[in-house]
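To keep things clear, I will list the structure first and then write my remarks on it.
The values are calculated or read from the model by the stated rules, or taken from the named source; none is laboratory data. As the structure is a prediction and not an experimental result, all values here were calculated from the model. No Cβ is skipped: glycine too gets one built from the backbone with ideal geometry, and neighbour counts run over all protein chains shown.
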Amino acid sequence: MKKITIRDVAKLAGVSVSSVSHVFNDYEDISEDTKKRVQEAAKQLGYIPNSAARSLSSKQMKTVALILNDINAIARGVAMPLEIISGVSEYLDDTKYEFVFYSTNLKKQNEKTLKQFCSEHNISGVIIQGLRTTDPYYEELKQFDLPVVAIDLYIDNTEIGMVSIDNEKASFEMTKALLNKGFQNILFMNGDPRATVSLEREAGYKEAVKEPHVVFADYSEQRAFEMILKLFKINELEKYDAIFAASDLMAIGCLKALKELELIDQIALVGFDDITLASYTTPTLTTVRQDIFKIAKAAAENLIEHIETGQAKHSFVDFELIERQSAKIF
């Protein structure tokens, strides 16, 4: 049986091949009469447009890419990448846009620019998360003309959208809650100083305290564990009556160390993110809850609006302070 091609449709409809292509790719320069003739010819012949070929059209521009940085470095037990993927996918399911997911890292970023990557994959818009301020993509985004929405990442470019919670405000409110409960010497354990989210959370803490004390554990449970043991060994840990970790994963590392040192009942501990494990630790973890699924859906919604209107948007999603056993804050 002969395969029906776009030329057969063009011949039956009495139009050019390019006109048929324009109809199937939603070009605006095609008359209603031509559209009707092409669609009727395609239906009569049983012709189904090749979606792969259609996606190659520069006019089509209907593919949204979610790009997560260093996904392999994220520890097990942290569901954030899956929640981001699920949130973006659920929103895009009800749109005309295709959804693709890619992971990147420093090696890939050095090999190919983000612009080259998007061009090669016919990407019409990007949602990106996890970049550090020293990453090549971060620098490139400062002058970028494709619609982009960053999650938890501030870019000095008004054409780049952003969705997150107000990290600085959330950190400030958690620190004030500890102070109001009588904890006066609060150690802030930050993650990666190259991440904008780290800078924001640290800024909120510093705004609330008179004498800030900050250490870094790279968002690593193991490094947080080792940091607490080190502070204990050099007699620094005894200065603090509370620890505020900038991620739940680091808070869990602190918790393990405090339990090993038999200090878990003497030092209050709070985290940030409210990952699934936070409610299963012993003691359970007081933390800042951010709804990653909701943030991801908002990022997808903002990106589609950006693609269709050309307007970038900055959005904050609500956060919540969650009190559990590791620290009383209310």
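Here are the numbers for this structure:
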read-out	value
Single residue of the stretch 111-124 satisfying the filter (farther than 15 Å from GLN143 by Cα and not hydrophobic (A, V, I, L, M, F, W, C)) that is surrounded by the most Cβ atoms within 10 Å (Cβ to Cβ)	SER124
Any chance PHE188 is farther than 26 Å from ASP291 by Cα and assigned by TED's automatic domain parsing to the domain that holds GLU207	no
Breaking point among (1) modelled with pLDDT of 95 or more; (2) closer than 30 Å to LYS112 by Cβ; (3) not assigned by TED's automatic domain parsing to the domain that holds ILE85, for VAL214	(2)
Boolean, THR281 is in contact (Cβ under 8 Å) with a residue 40 or more places away in the chain and under 24 Å from ASP318 (Cβ atoms)	no
Residues being more than 20 Å from THR175 (Cα to Cα) and under 35 Å from the mean Cα position of the chain (by Cα) - total across the stretch 233-246	0
Verdict on PHE244 being touching a Ser or Thr at 6+ places or on another chain (Cβ under 9 Å) and aromatic (Phe, Trp, Tyr)	yes
Qualifying residue in the stretch 233-247 (condition: under 30 Å from VAL126 (Cα atoms) and either assigned to a loop (DSSP other than H, G, I, E, B) or of a type in the set (A, V, I, L, M) (or both))	yes
Leading residue by the ranking (surrounded by the fewest Cβ atoms within 10 Å (Cβ to Cβ)) among those in the stretch 80-97 that are hydrophobic (A, V, I, L, M, F, W, C) and within 13 Å of LEU68 (Cα to Cα)	LEU82
Single residue of ASN110, ASN122 found to be of a type outside the set (A, V, I, L, M, F, W, C), in contact with a helix residue (DSSP H, G or I) (Cβ under 8 Å, 6 or more places away or on another chain) and free of Cβ contacts under 8 Å to residues at least 40 places away in the same chain	ASN110
Residues (among the β-branched types (Val, Ile, Thr) and farther than 13 Å from ASP273 by Cβ) located in the stretch 286-316	ILE304, ILE307, THR309
Residue in the stretch 240-247 that is of a type in the set (S, T, N, Q), touching a helix residue (DSSP H, G or I) at 6+ places or on another chain (Cβ under 8 Å) and assigned by TED's automatic domain parsing to the domain that holds ARG201 present	no
Residue ID - surrounded by the most Cβ atoms within 10 Å (Cβ to Cβ), chosen from residues in the stretch 205-218 that are in contact with a helix residue (DSSP H, G or I) (Cβ under 8 Å, 6 or more places away or on another chain) and in a helix (DSSP H, G or I)	TYR205
Single condition ASP192 does not satisfy, out of (1) under 17 Å from ALA327 (Cβ atoms); (2) at pLDDT below 95	(1)
Hey, VAL100 in the same structural domain as HIS306 (by TED's automatic domain parsing), among the aliphatic types (A, V, I, L, M), crowded, with 22+ Cβ neighbours inside 10 Å and in contact with a strand residue (DSSP E or B) (Cβ under 7 Å, 6 or more places away or on another chain) or not	no
Residue match in the stretch 232-252 (condition: closer than 30 Å to LEU92 by Cα, touching a Leu at 6+ places or on another chain (Cβ under 8 Å) and of a type in the set (Gly, Ala, Ser))	no
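To keep it simple, each residue is scored yes or no on (1) under 24 Å from SER164 (Cβ atoms); (2) at pLDDT below 60; (3) not in a strand (DSSP E or B).
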{"site": "GLN60", "(1), (2), (3)": "no, yes, yes"}
{"site": "VAL64", "(1), (2), (3)": "yes, no, no"}
{"site": "GLU83", "(1), (2), (3)": "yes, no, yes"}
{"site": "ASP94", "(1), (2), (3)": "yes, no, yes"}
{"site": "TYR102", "(1), (2), (3)": "yes, no, no"}
{"site": "LYS107", "(1), (2), (3)": "no, no, yes"}
